[in-house]
Amino acid sequence: MPRRKSARRQKLEQLIAYPIDWLEERSGLIGGLRYFLLRKVPGDTSWWHTLGSATLTAFIVQTVTGVVLAMYYKPDPDKAYESIRFITDDLTFGWLVRGMHRWGASVFIILMFFHMARVFLFGAYKYPRELNWIIGVLLLVLGMLEGFTGYLLPWDQTAYWATVVGINLNGTAPFLGPFLAQFLQGGAEIGNETLSRFYAMHMLLIPGGLFALIGLHLYLVIRLGVSSPPWSPEAAGEERVEAPPEGRAGLVQPGPRGGYAK
Ligand code: HEM
(Lines give C-alpha, C1' and ligand atoms only; values in the text may rest on other atoms or scores of the structure.)
Protein backbone atom coordinates (compact mmCIF):
# COMPACT_ATOMS: atom_id res chain seq x y z
CA MET A 1 0.00 0.00 0.00
CA PRO A 2 1.47 3.41 -0.93
CA ARG A 3 2.52 5.49 2.08
CA ARG A 4 0.59 8.72 2.59
CA LYS A 5 2.70 11.83 2.24
CA SER A 6 2.78 14.20 5.17
CA ALA A 7 1.11 17.61 4.72
CA ARG A 8 4.54 19.27 4.99
CA ARG A 9 5.98 17.13 2.21
CA GLN A 10 2.95 17.77 -0.02
CA LYS A 11 3.36 21.50 0.49
CA LEU A 12 7.06 21.30 -0.33
CA GLU A 13 6.35 19.34 -3.54
CA GLN A 14 3.75 21.91 -4.57
CA LEU A 15 6.23 24.69 -3.94
CA ILE A 16 8.81 23.05 -6.21
CA ALA A 17 6.29 22.05 -8.89
CA TYR A 18 4.67 25.48 -9.19
CA PRO A 19 7.49 27.40 -10.95
CA ILE A 20 8.29 24.33 -13.12
CA ASP A 21 4.65 23.99 -14.23
CA TRP A 22 4.45 27.77 -14.76
CA LEU A 23 7.41 27.69 -17.13
CA GLU A 24 6.28 24.51 -18.91
CA GLU A 25 2.78 25.88 -19.56
CA ARG A 26 4.18 29.04 -21.11
CA SER A 27 7.19 27.70 -23.03
CA GLY A 28 7.24 23.88 -23.26
CA LEU A 29 10.91 24.16 -22.25
CA ILE A 30 10.68 21.58 -19.43
CA GLY A 31 9.18 18.99 -21.80
CA GLY A 32 11.97 19.73 -24.28
CA LEU A 33 14.63 19.34 -21.59
CA ARG A 34 13.05 16.10 -20.37
CA TYR A 35 13.02 14.76 -23.94
CA PHE A 36 16.68 15.74 -24.39
CA LEU A 37 17.85 14.14 -21.14
CA LEU A 38 15.69 10.99 -21.22
CA ARG A 39 15.76 10.25 -24.97
CA LYS A 40 16.64 6.71 -26.00
CA VAL A 41 20.13 5.95 -27.28
CA PRO A 42 21.40 2.69 -28.82
CA GLY A 43 22.09 -0.07 -26.27
CA ASP A 44 25.72 -0.36 -27.41
CA THR A 45 26.55 3.29 -26.74
CA SER A 46 29.92 3.36 -24.94
CA TRP A 47 32.40 5.68 -23.24
CA TRP A 48 33.61 6.73 -26.72
CA HIS A 49 30.28 8.49 -27.16
CA THR A 50 31.00 10.79 -24.21
CA LEU A 51 33.77 12.68 -26.04
CA GLY A 52 31.26 15.11 -27.60
CA SER A 53 29.84 15.98 -24.17
CA ALA A 54 33.39 16.30 -22.80
CA THR A 55 34.15 18.81 -25.60
CA LEU A 56 30.96 20.68 -24.72
CA THR A 57 32.02 20.79 -21.05
CA ALA A 58 35.43 22.21 -22.03
CA PHE A 59 33.67 24.86 -24.12
CA ILE A 60 31.43 25.85 -21.19
CA VAL A 61 34.50 26.12 -18.89
CA GLN A 62 36.15 28.40 -21.49
CA THR A 63 33.03 30.58 -21.65
CA VAL A 64 32.70 30.99 -17.88
CA THR A 65 36.43 31.64 -17.23
CA GLY A 66 36.57 33.93 -20.30
CA VAL A 67 33.75 36.10 -18.94
CA VAL A 68 35.61 36.49 -15.61
CA LEU A 69 38.86 37.40 -17.42
CA ALA A 70 37.02 39.92 -19.62
CA MET A 71 35.98 41.84 -16.49
CA TYR A 72 39.65 42.68 -15.77
CA TYR A 73 41.44 42.50 -19.14
CA LYS A 74 42.18 45.80 -20.95
CA PRO A 75 42.52 45.52 -24.76
CA ASP A 76 44.97 48.42 -25.05
CA PRO A 77 48.64 47.90 -26.03
CA ASP A 78 49.74 50.12 -23.10
CA LYS A 79 47.59 48.33 -20.52
CA ALA A 80 47.05 44.75 -21.77
CA TYR A 81 50.23 43.22 -20.31
CA GLU A 82 49.75 44.99 -16.96
CA SER A 83 46.10 43.86 -16.74
CA ILE A 84 47.18 40.24 -17.32
CA ARG A 85 49.89 40.63 -14.64
CA PHE A 86 47.24 42.01 -12.27
CA ILE A 87 44.92 39.04 -12.94
CA THR A 88 47.75 36.54 -12.37
CA ASP A 89 49.45 38.08 -9.32
CA ASP A 90 46.97 40.32 -7.49
CA LEU A 91 43.40 39.25 -8.24
CA THR A 92 41.92 36.70 -5.81
CA PHE A 93 41.99 33.32 -7.61
CA GLY A 94 42.92 35.22 -10.79
CA TRP A 95 45.84 32.82 -11.36
CA LEU A 96 43.38 29.90 -11.21
CA VAL A 97 40.85 31.40 -13.61
CA ARG A 98 43.57 32.45 -16.06
CA GLY A 99 45.28 29.04 -15.79
CA MET A 100 41.99 27.23 -16.40
CA HIS A 101 41.32 29.41 -19.46
CA ARG A 102 44.83 29.02 -20.90
CA TRP A 103 45.16 25.27 -20.35
CA GLY A 104 41.47 24.74 -21.03
CA ALA A 105 41.98 26.11 -24.55
CA SER A 106 44.35 23.22 -25.31
CA VAL A 107 42.03 20.72 -23.60
CA PHE A 108 39.13 21.97 -25.76
CA ILE A 109 41.08 21.53 -29.02
CA ILE A 110 42.49 18.10 -28.01
CA LEU A 111 39.03 16.85 -26.99
CA MET A 112 37.57 18.15 -30.25
CA PHE A 113 40.18 16.12 -32.17
CA PHE A 114 39.48 12.99 -30.07
CA HIS A 115 35.73 13.43 -30.64
CA MET A 116 36.29 13.89 -34.37
CA ALA A 117 38.50 10.77 -34.48
CA ARG A 118 35.75 8.78 -32.71
CA VAL A 119 33.15 10.00 -35.22
CA PHE A 120 35.47 9.16 -38.13
CA LEU A 121 36.51 5.69 -36.90
CA PHE A 122 32.90 4.75 -36.06
CA GLY A 123 31.79 5.92 -39.53
CA ALA A 124 29.33 8.27 -37.80
CA TYR A 125 29.87 10.91 -40.50
CA LYS A 126 27.95 8.74 -43.01
CA TYR A 127 24.34 9.14 -44.09
CA PRO A 128 22.30 10.78 -42.58
CA ARG A 129 24.91 12.64 -40.47
CA GLU A 130 27.02 14.26 -43.24
CA LEU A 131 25.69 17.74 -42.47
CA ASN A 132 26.64 17.35 -38.81
CA TRP A 133 30.18 16.37 -39.88
CA ILE A 134 30.39 19.55 -42.00
CA ILE A 135 29.18 21.63 -39.04
CA GLY A 136 31.83 19.84 -36.94
CA VAL A 137 34.56 20.84 -39.41
CA LEU A 138 33.43 24.49 -39.12
CA LEU A 139 33.51 24.14 -35.32
CA LEU A 140 37.08 22.86 -35.54
CA VAL A 141 38.16 25.81 -37.71
CA LEU A 142 36.44 28.33 -35.40
CA GLY A 143 37.90 26.59 -32.31
CA MET A 144 41.43 26.92 -33.68
CA LEU A 145 40.82 30.55 -34.70
CA GLU A 146 39.65 31.23 -31.15
CA GLY A 147 42.96 29.85 -29.85
CA PHE A 148 44.97 31.89 -32.38
CA THR A 149 43.23 35.19 -31.57
CA GLY A 150 43.40 34.58 -27.80
CA TYR A 151 47.14 33.93 -27.88
CA LEU A 152 47.91 37.58 -28.76
CA LEU A 153 45.90 39.12 -25.93
CA PRO A 154 48.57 38.93 -23.14
CA TRP A 155 50.62 41.20 -25.44
CA ASP A 156 54.00 39.81 -24.35
CA GLN A 157 56.95 38.84 -26.57
CA THR A 158 55.75 35.24 -27.09
CA ALA A 159 52.26 36.42 -28.00
CA TYR A 160 53.52 39.13 -30.37
CA TRP A 161 56.00 36.96 -32.29
CA ALA A 162 53.68 33.95 -32.45
CA THR A 163 51.10 36.25 -34.07
CA VAL A 164 53.68 37.66 -36.51
CA VAL A 165 54.50 34.08 -37.58
CA GLY A 166 50.79 33.11 -37.75
CA ILE A 167 49.79 36.11 -39.86
CA ASN A 168 52.77 35.71 -42.21
CA LEU A 169 51.98 32.01 -42.61
CA ASN A 170 48.40 32.85 -43.58
CA GLY A 171 49.75 35.43 -46.03
CA THR A 172 51.58 32.72 -47.99
CA ALA A 173 48.34 30.85 -48.84
CA PRO A 174 47.41 31.04 -52.55
CA PHE A 175 44.86 33.62 -53.76
CA LEU A 176 43.16 34.57 -50.48
CA GLY A 177 46.33 34.52 -48.33
CA PRO A 178 47.37 38.20 -48.67
CA PHE A 179 43.79 39.42 -48.07
CA LEU A 180 43.47 37.19 -45.00
CA ALA A 181 46.79 38.43 -43.60
CA GLN A 182 45.78 42.05 -44.22
CA PHE A 183 42.41 41.49 -42.55
CA LEU A 184 44.01 39.88 -39.48
CA GLN A 185 46.69 42.56 -39.20
CA GLY A 186 44.13 45.37 -39.36
CA GLY A 187 46.72 48.05 -40.27
CA ALA A 188 50.13 48.70 -41.82
CA GLU A 189 51.88 46.63 -39.13
CA ILE A 190 51.01 44.36 -36.23
CA GLY A 191 50.11 46.82 -33.47
CA ASN A 192 47.17 48.64 -31.88
CA GLU A 193 44.68 47.77 -34.62
CA THR A 194 45.70 44.11 -34.59
CA LEU A 195 45.05 43.87 -30.85
CA SER A 196 41.59 45.49 -31.16
CA ARG A 197 40.74 43.25 -34.08
CA PHE A 198 41.87 40.06 -32.35
CA TYR A 199 40.02 41.10 -29.19
CA ALA A 200 36.76 41.68 -31.10
CA MET A 201 37.10 38.35 -32.89
CA HIS A 202 38.05 36.47 -29.72
CA MET A 203 35.26 37.97 -27.59
CA LEU A 204 32.37 38.42 -30.00
CA LEU A 205 32.61 37.12 -33.54
CA ILE A 206 34.07 33.64 -33.00
CA PRO A 207 32.22 32.76 -29.73
CA GLY A 208 28.97 33.88 -31.42
CA GLY A 209 29.66 31.56 -34.34
CA LEU A 210 30.63 28.74 -31.98
CA PHE A 211 27.42 29.12 -29.93
CA ALA A 212 25.24 29.09 -33.05
CA LEU A 213 27.01 26.10 -34.61
CA ILE A 214 27.06 24.09 -31.34
CA GLY A 215 23.30 24.71 -31.06
CA LEU A 216 22.79 23.42 -34.60
CA HIS A 217 25.16 20.50 -33.97
CA LEU A 218 23.25 19.38 -30.86
CA TYR A 219 19.89 19.87 -32.58
CA LEU A 220 21.03 17.46 -35.30
CA VAL A 221 22.40 14.98 -32.72
CA ILE A 222 18.96 14.92 -31.07
CA ARG A 223 17.04 14.82 -34.34
CA LEU A 224 19.08 12.03 -35.93
CA GLY A 225 19.87 10.08 -32.76
CA VAL A 226 23.32 8.87 -31.77
CA SER A 227 24.78 6.27 -34.14
CA SER A 228 25.75 2.74 -33.07
CA PRO A 229 29.37 1.48 -33.24
CA PRO A 230 30.54 -0.07 -36.55
CA TRP A 231 30.30 -3.64 -35.17
CA SER A 232 26.58 -3.19 -34.54
CA PRO A 233 24.01 -4.16 -37.23
CA GLU A 234 22.59 -0.65 -36.73
CA ALA A 235 25.87 1.14 -37.53
CA ALA A 236 25.71 4.52 -39.29
CA GLY A 237 25.22 4.21 -43.05
CA GLU A 238 23.79 0.66 -42.77
CA GLU A 239 20.41 0.22 -44.40
CA ARG A 240 17.74 -1.03 -42.06
CA VAL A 241 15.33 -3.56 -43.54
CA GLU A 242 13.20 -4.33 -40.51
CA ALA A 243 11.49 -1.81 -38.30
CA PRO A 244 13.59 -1.08 -35.20
CA PRO A 245 12.57 -2.98 -32.08
CA GLU A 246 10.54 -0.87 -29.69
CA GLY A 247 12.60 1.64 -27.75
CA ARG A 248 15.96 0.96 -29.45
CA ALA A 249 16.11 3.64 -32.09
CA GLY A 250 16.68 7.40 -31.83
CA LEU A 251 14.09 9.93 -33.01
CA VAL A 252 14.56 9.05 -36.67
CA GLN A 253 16.63 6.35 -38.33
CA PRO A 254 17.44 5.70 -41.99
CA GLY A 255 14.68 3.65 -43.57
CA PRO A 256 15.04 0.78 -46.09
CA ARG A 257 15.19 2.99 -49.20
CA GLY A 258 17.15 5.85 -47.80
CA GLY A 259 14.09 7.62 -46.41
CA TYR A 260 13.31 8.01 -42.76
CA ALA A 261 11.20 5.68 -40.67
CA LYS A 262 10.02 6.62 -37.18
C1 HEM B 1 32.67 22.57 -30.16
C2 HEM B 1 32.95 21.37 -30.60
C3 HEM B 1 32.00 20.20 -30.57
C4 HEM B 1 31.04 19.89 -29.64
C5 HEM B 1 30.67 20.66 -28.37
C6 HEM B 1 30.40 18.65 -30.08
C7 HEM B 1 29.39 18.00 -29.39
C8 HEM B 1 28.84 16.78 -29.78
C9 HEM B 1 27.98 15.95 -28.97
C10 HEM B 1 27.55 16.24 -27.51
C11 HEM B 1 27.63 14.86 -29.72
C12 HEM B 1 26.76 13.65 -29.28
C13 HEM B 1 27.58 12.65 -28.46
C14 HEM B 1 28.76 12.07 -29.21
O15 HEM B 1 28.56 11.45 -30.27
O16 HEM B 1 29.89 12.24 -28.74
C17 HEM B 1 28.24 15.02 -31.03
C18 HEM B 1 28.07 14.17 -32.11
C19 HEM B 1 28.64 14.34 -33.36
N20 HEM B 1 29.65 15.23 -33.69
FE21 HEM B 1 30.33 16.72 -32.47
N22 HEM B 1 30.98 18.26 -31.27
C23 HEM B 1 31.97 19.16 -31.60
C24 HEM B 1 32.83 19.10 -32.68
C25 HEM B 1 32.73 18.16 -33.71
C26 HEM B 1 33.69 18.00 -34.80
C27 HEM B 1 35.00 18.78 -34.91
C28 HEM B 1 33.18 17.03 -35.63
C29 HEM B 1 33.74 16.50 -36.93
C30 HEM B 1 34.41 17.19 -37.81
C31 HEM B 1 31.91 16.59 -35.08
C32 HEM B 1 31.04 15.68 -35.66
C33 HEM B 1 30.00 15.04 -35.01
C34 HEM B 1 29.12 14.04 -35.60
C35 HEM B 1 29.13 13.56 -37.07
C36 HEM B 1 28.26 13.60 -34.56
C37 HEM B 1 27.19 12.51 -34.64
C38 HEM B 1 27.86 11.25 -34.11
C39 HEM B 1 26.92 10.09 -33.90
O40 HEM B 1 25.73 10.21 -34.14
O41 HEM B 1 27.43 9.03 -33.50
N42 HEM B 1 31.69 17.26 -33.90
N43 HEM B 1 28.98 16.18 -31.03
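Residue-by-condition table, conditions (1) open to solvent by 80 Å² or more (accessible area, probe 1.4 Å); (2) part of a helix (DSSP H, G or I); (3) aromatic (Phe, Trp, Tyr):
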residue: 12; (1), (2), (3): yes, yes, no
residue: 16; (1), (2), (3): yes, yes, no
residue: 43; (1), (2), (3): no, no, no
residue: 49; (1), (2), (3): no, yes, no
residue: 55; (1), (2), (3): no, yes, no
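Identify all residues within region 32-41 that are away from the ligand (no atom under 13 Å from the Cβ) and open to solvent by 70 Å² or more (accessible area, probe 1.4 Å); write none if there are none. Walk me through it before giving the result.
Of region 32-41, the ones away from the ligand (no atom under 13 Å from the Cβ) are 32-35, 38, 40.
Hits for region 32-41 are 33, 34, 35, 38, 40.
Annotation note: Cβ proximity below 9 Å between a residue of region 201-222 that is away from the ligand (no atom under 11 Å from the Cβ) and a residue that is not in a helix (DSSP H, G or I) (sequence gap 6+ or interchain) occurs for 202/153; 203/75. Annotation: of all residues in region 218-252 being among the small types (Gly, Ala, Ser) and modelled with pLDDT under 75, the one that is most open to solvent (accessible area, probe 1.4 Å) is 243. Scanning region 170-186 for residues that are farther than 17 Å from residue 144 by Cβ and surrounded by 15 or more Cβ atoms within 10 Å (Cβ to Cβ) turns up 171, 185, 186.
Could you grab me the full set of residues in region 1-48 that are of a type in the set (Val, Ile, Thr) and under 30 Å from residue 228 (Cα atoms)?
As a first pass, look at region 1-48 and keep what is of a type in the set (Val, Ile, Thr): 16, 20, 30, 41, 45.
Those that are of a type in the set (Val, Ile, Thr) and under 30 Å from residue 228 (Cα atoms): 30, 41, 45.
All conditions but one from (1) open to solvent by less than 70 Å² (accessible area, probe 1.4 Å); (2) touching a helix residue (DSSP H, G or I) at 6+ places or on another chain (Cβ under 8 Å); (3) over 14 Å from residue 222 (Cα atoms) apply to residue 29; the one that does not is (1). Restricting region 63-100 to residues that are in contact (Cβ under 8 Å) with a residue 40 or more places away in the chain and part of a helix (DSSP H, G or I) leaves a set whose member that is nearest to the ligand (Cβ to nearest atom) is 63.
Summed over region 125-141, residues that are near the ligand (Cβ under 8 Å from one of its atoms) and in contact (Cβ under 8 Å) with a residue 40 or more places away in the chain total 6. Which of the residues that make up region 109-134 are within 14 Å of residue 220 (Cβ to Cβ), surrounded by 19 or more Cβ atoms within 10 Å (Cβ to Cβ) and among the hydrophobic types (A, V, I, L, M, F, W, C)? Selection gives 119, 124. Here is the figure for region 42-62: residues that are away from the ligand (no atom under 11 Å from the Cβ) and of a type in the set (A, V, I, L, M) total 1. The number of residues in region 187-217 that are open to solvent by less than 60 Å² (accessible area, probe 1.4 Å) and closer than 17 Å to residue 140 by Cα comes to 11.
Of a type in the set (Gly, Ala, Ser) and exposed (fewer than 13 other Cβ atoms within 10 Å of the Cβ): does that describe residue 106? Show your work before the answer.
Working: of a type in the set (Gly, Ala, Ser): yes; exposed (fewer than 13 other Cβ atoms within 10 Å of the Cβ): yes.
Yes: the conditions hold for residue 106.
The values are calculated or read from the model by the stated rules, or taken from the named source; none is laboratory data. The structure displayed is predicted, hence computed values, not measured ones. Every residue, glycine as well, gets a Cβ built from its backbone with ideal geometry; the counts of neighbours run over all protein chains shown. Side chains are part of the model used for accessible areas, which takes the heavy atoms of the whole protein and leaves out ligands, DNA and RNA. Shrake-Rupley method; radii C 1.70, N 1.55, O 1.52, S 1.80 Å.
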